[in-house]
Every structure is written in structure tokens, then in C-alpha cells.
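Heads up, the thing below is written out as C-alpha cells.
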Amino acid sequence: MSFTIDLLDDATRPKAPRIEGVTEPQRMQGRRLAMIHTMHLRQMAEVRQVMEHVTAGEMQVDALGEALSDMQMSHNYRVFGSLCGQECRMLTFHHTAEDRMLFPALAAQDNDGLRKVVERLAAEHEVIHHLIERMEAAARAAMNEPGPETFASLRESFETLERVVVSHFGYEQEELEEALGYYEIEI
């Protein structure tokens, strides 16, 4: 899959100018975003744990030569698909709230550097949304037709999404921490 922006290359990301006179309480206000991101990253870690469980079960079934329609394996695929879907919905809601409320408030400040960061973050949300859709399609396929091929596709989709989200969250937190508190933008 090719991206119009390389999300994992920090050199392509604009930097927000440092804001003189930011106080520690303002920085703390800005760090609230990191707390929200931590919740999403924990849920992604739960998804990863379920994926590892399914992977271990899949290897066991293959080694024994049993049919891939084994009831426990099918159940594991469905649990994993449901958990993926839940986190995808929550992540989409989080980004939609940022796009509609947080980013316009930041872009309205008289700060071109900050505006460029917000534009980049919004562009990254578009790519992440595409990755979520791709992963949801892979999860449906794995739930409807459990097997090594569909699970491998799901796993690859999840791992790509996870790498991009971790990178995006780190960038967003770093670049917006000062501005969120300084401009008194509620999260």
C-alpha cells in the first residue's frame, strides 16, 4: 500500500514552533491528550494479545492437521474480529472529535507553524481511517472464512495500523502539548 504522506518518517512532519512562556500547568493540560492516547494504545495491546492467542492456536491446529473449521479456532477468530472492530470504532470517534473540535480551535490561532502541524495531523487521520477500513474488511473475512490466509491478512492489517497509530500519537502529543494548554483548548 502506498501513502501520499509517509507517516513513519518524522522528517516529513512539520514541527510546531515552541511557545515562549508556557507554564507547567499549561503543559499538564496539554498532556491530557497523551492520557487519551494511552487508553487507545492499551486497547490495541489487548487486540495484539488476542491475535497472539489465535496465532498460537492456528499453529497448533496446522501441526495436528485438523480442519481449520475447529470450533475453538472459529470462536477465537470471531472474538479477535469483534475486539478489533470495537477499538476501530473508538479510534475513529477519537479522530473525528479531534478533526471537528480540537484541530479547528488550534488552526484558528495566529500561528502558521501550528496550522501546518494540524493540517498534517488531519491528513494522517485520513490515512489511518483508510487503514481502519482495510483492517475491518480483513477482520470480516477472517470471521467469515477462518483460516491461515485470512488471518495472515488480518494480522498484517493490524500490525500496519498499530505502527502508524503509535507513530501518529507520538507526533501529535509532542507537537500539540504546549499549544493545547497555552491556548486553553479543552480536550
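Things to note:
- Other-chain or far-sequence residues with amide H under 5 Å of Ala108's (modelled H): none
- Per the Debye formula on identical point scatterers at the alpha carbon atoms of the range 105-152, with no solvent, log10 I(q)/I(0) at q = 0.17, 0.29 Å⁻¹ is -0.60, -0.94.
- Solvent-accessible area, 1.4 Å probe, carbon plus sulfur percent, for the range 107-187: 46
- Scoring 30-41, 157-168 by mean Cβ neighbours within 10 Å over their residues and listing the highest first yields 157-168, 30-41.
- Applying the Karplus relation 6.51 cos²θ - 1.76 cosθ + 1.60 with θ = phi - 60° to the range 123-134 yields 3J(HN,Hα) values of 5, 5, 4, 4, 5, 4, 4, 4, 5, 5, 4, 5 Hz, where x marks Gly and Pro.
- On a per residue basis, the range 113-179 carries 39 Å² of accessible surface, using protein heavy atoms and a 1.4 Å probe.
The values are calculated or read from the model by the stated rules, or taken from the named source; none is laboratory data. Note that the coordinates shown come from a computational prediction; the quantities given were computed from them, not determined experimentally. Cβ: placed from backbone, ideal geometry, glycine included. Neighbour counts: every protein chain shown. In case anyone asks, the SASA skips ligands and DNA or RNA and just uses the protein heavy atoms, side chains included. Shrake-Rupley method; radii C 1.70, N 1.55, O 1.52, S 1.80 Å.
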